[in-house]
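The values are calculated or read from the model by the stated rules, or taken from the named source; none is laboratory data. Being a predicted model, the structure only gives us computed values, none of them experimental. As a convention, Cβ positions derive from the backbone with ideal geometry for all residues, glycine included, and neighbour counts pool all protein chains shown.
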Amino acid sequence: MFRFVLLMIVSTGAYAAQSTVDIETAAKIYQDAAIRDQVRASLGAMPAHIRQLFSADTAAKLSDQQLNAVTEAAKKGFRIDVFEVPALGALAANLDPATVKKTENFLSSDLGRRMVAADVAQASLEEATTDKIMNGEITAPSTPQRDVLFDKLEQASRSTESTVQIFISMGQAVAIGTAVGSGRDTEAVAQSARKSGEASRPALEQGMREPLRRYLAYGYRALSDSDLKHLLAFLESPAGKHYISAYMASLGAGFDAMGRRCGEQLGESLRELAQAQLDIPTARPPPTASPPPVK
């Protein structure tokens, strides 16, 4: 469902313990939900986002050369081929046959197809347009009744909590990957990243809830009130909840893998830059001219 930045929940241990499905079955759901199209549409902006993340870190000011290495590492890490293998594995591990059957029925319905088409269209918007939607500069016509429905959809999809979680998880993955690539203590880095992420969670959730509700309302602006009620009914059903859980676990695994790959690439690049600085020979002063012989 919704664009990747709106999704990221880890399924509960009790559900994960139930029977799973094979990769081929998971791949069918993956295709019907157009996960590849939605994620791939998001990846072009990732290098700039990761560079901005490091640029804003005042504790470790990076040079332009180091920031260029960040950009190149993000290009190598945030790729659909890095995403798909772990994402499909997590999707298969968190689905069961009963959920697959009901989810396929929904996704193949007229409403399901229109919902997926809306998801792909919104994922493909330019970033500037997305920002305007979330800031309220671009809005869709609404009514008090639709506002209530979108509030419920936001809660049913847990879009705010999941968006914040994916940001935190990606930050942790990049930090750990960087530590691995540069030979630093990964346990200490992971612990510090977790503490930082949890400390920032409440403020992030508070600030993002309304922008994400606007995002949902705009993305599904062509769906009628009746459509929204049927969509909500699916999301709130046992099968819908299990599907969302599996879908979000899939995105979490895929983005975690890309974040780690980015971090590992960055760690290697930073280590090479540091070594290159050490290998630069110190410039020798010009030889002092010998005094002329005394006659």
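Filtered by the rule that a residue be assigned to a helix (DSSP H, G or I) and either surrounded by fewer than 18 Cβ atoms within 10 Å (Cβ to Cβ) or within 24 Å of the chain's Cα centre (by Cα) (or both), segment 219-229 gives G219, D225, S226, D227, K229.
Within segment 182-195, the set of residues being part of a helix (DSSP H, G or I) and either touching a residue at least 24 places away in the same chain (Cβ under 8 Å) or not hydroxyl-bearing (S, T, Y) (or both) comprises S182, E187, A188, V189, A190, Q191, A193, R194, K195.
Which residues, counting only those in segment 58-113, are within 30 Å of L232 (Cβ to Cβ) and among the charged types (D, E, K, R)? Listed by number, the residues that qualify are E84, D96, K101, K102, E104, D110, R113. Check segment 277-287 and report whether any residue there is part of a helix (DSSP H, G or I), basic (K, R) and at pLDDT below 85. Looking for residues that are part of a helix (DSSP H, G or I), basic (K, R) and at pLDDT below 85, one finds none in segment 277-287, hence no. V85 meets all of the listed conditions (1) surrounded by 14 or more Cβ atoms within 10 Å (Cβ to Cβ); (2) of a type in the set (A, V, I, L, M, F, W, C); (3) modelled with pLDDT of 90 or more but one, namely (1). Filtering A199, A193, A179 for residues that are farther than 25 Å from Q122 by Cβ, exposed (fewer than 15 other Cβ atoms within 10 Å of the Cβ) and aliphatic (A, V, I, L, M) leaves a single hit, A199. Within segment 201-214, does at least one residue satisfy the condition of being under 23 Å from the mean Cα position of the chain (by Cα), aliphatic (A, V, I, L, M) and within 30 Å of T20 (Cα to Cα)? Looking through segment 201-214, none of the residues is under 23 Å from the mean Cα position of the chain (by Cα), aliphatic (A, V, I, L, M) and within 30 Å of T20 (Cα to Cα).
Can you find a residue in segment 72-92 that is more than 22 Å from F255 (Cα to Cα) and part of a helix (DSSP H, G or I)? Within segment 72-92, not a single residue is more than 22 Å from F255 (Cα to Cα) and part of a helix (DSSP H, G or I). All of (1) within 18 Å of G259 (Cβ to Cβ); (2) within 16 Å of the chain's Cα centre (by Cα) hold for L67 with one exception: (2). Would you check if I138 is touching a Lys or Arg at 6+ places or on another chain (Cβ under 7 Å) and either assigned to a helix (DSSP H, G or I) or buried (at least 20 other Cβ atoms within 10 Å of the Cβ) (or both)? Taking the combined requirement at face value, the residue does not satisfy it. Being of a type in the set (S, T, N, Q) and free of Cβ contacts under 8 Å to residues at least 40 places away in the same chain, is that true of even one residue in segment 43-56? Yes, some residue in segment 43-56 is of a type in the set (S, T, N, Q) and free of Cβ contacts under 8 Å to residues at least 40 places away in the same chain. Within segment 131-149, residues that are farther than 17 Å from K229 by Cα sit with their Cβ atoms under 7 Å from residues that are among the β-branched types (V, I, T), at 6+ positions apart or across chains, in these pairs: K132/I138; I138/T129.
For segment 88-129, filtered to residues that are among the polar types (S, T, N, Q) and surrounded by fewer than 20 Cβ atoms within 10 Å (Cβ to Cβ), the residue that is farthest from Y30 (Cα to Cα) is T129.
Restricting to segment 1-24, and then to whatever is closer than 11 Å to A93 by Cα and modelled with pLDDT of 90 or more, can you tell me which residue is surrounded by the fewest Cβ atoms within 10 Å (Cβ to Cβ)? Taking the candidates together, the pick is D22.
Residue-wise test of (1) more than 15 Å from I35 (Cα to Cα); (2) in contact with a Leu (Cβ under 7 Å, 6 or more places away or on another chain).
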{"residue": "R51", "(1), (2)": "yes, yes"}
{"residue": "S55", "(1), (2)": "yes, yes"}
{"residue": "K61", "(1), (2)": "yes, no"}
{"residue": "G77", "(1), (2)": "yes, no"}
{"residue": "D81", "(1), (2)": "no, no"}
{"residue": "V85", "(1), (2)": "no, no"}
{"residue": "L91", "(1), (2)": "no, no"}
{"residue": "D96", "(1), (2)": "yes, no"}
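Within segment 190-217, track down each residue that is over 30 Å from E137 (Cβ atoms) and aliphatic (A, V, I, L, M). Of everything in segment 190-217, those that are over 30 Å from E137 (Cβ atoms) and aliphatic (A, V, I, L, M) turn out to be A190, A193, A199. Determine, yes or no, whether G254 is in a helix (DSSP H, G or I), small (G, A, S) and modelled with pLDDT of 90 or more. It is true that G254 is in a helix (DSSP H, G or I), small (G, A, S) and modelled with pLDDT of 90 or more.
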